Amino acid sequence: MKLFIAREGYDVSTARDGAEALNATAFDKPDLAIIDIQLPGMKGGEACRKLREMHSDMRVIFASAYGREDTTVQELVQIGDGYITKPFELNALLKEKNP
């Protein structure tokens, strides 16, 4: 996914968990965050809320193996800007990224 997004002309950074993502974005705000809903050490919803506290205009797309009918996913869709199901088509990611 990182290579695909980079080939589309975007700068890409990755984080292994929610804490690393928060630290990385403290000084360098990305335009978009793609967050797995089951991050190690921090759930995706919590990471989204904390990222938005730092950068209220940051777009957040959640990624998960769960379908949209899952209750947790439905709640996250309400706080995020998009949702993609793994495995996902990279074109689906571009569609969510560019509403």
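Within the stretch 19-69, which residues are among the aromatic types (F, W, Y) and under 13 Å from the mean Cα position of the chain (by Cα)?
Within the stretch 19-69, F62 is the sole residue that qualifies.
The residue that is surrounded by the most Cβ atoms within 10 Å (Cβ to Cβ), among those in the stretch 20-55 that are over 19 Å from I79 (Cα atoms) and of a type outside the set (S, T, N, Q), is E20. Yes or no: S13 within 16 Å of D81 (Cα to Cα) and at pLDDT 80 or above? The answer is no for S13. Scanning the stretch 49-90 for residues that are modelled with pLDDT under 70, outside any loop (DSSP other than H, G, I, E, B) and of a type in the set (S, T, Y) turns up T71, T72.
Within the stretch 1-37, the set of residues being touching a Lys or Arg at 6+ places or on another chain (Cβ under 8 Å) and part of a loop (DSSP other than H, G, I, E, B) comprises V12, T14, D31, I37.
The values are calculated or read from the model by the stated rules, or taken from the named source; none is laboratory data. All of these numbers come straight from a predicted model, not from anything done at the bench. Because the Cβ atoms are built from the backbone with ideal geometry, glycine has one as well, and the counts that use them run over all protein chains shown.
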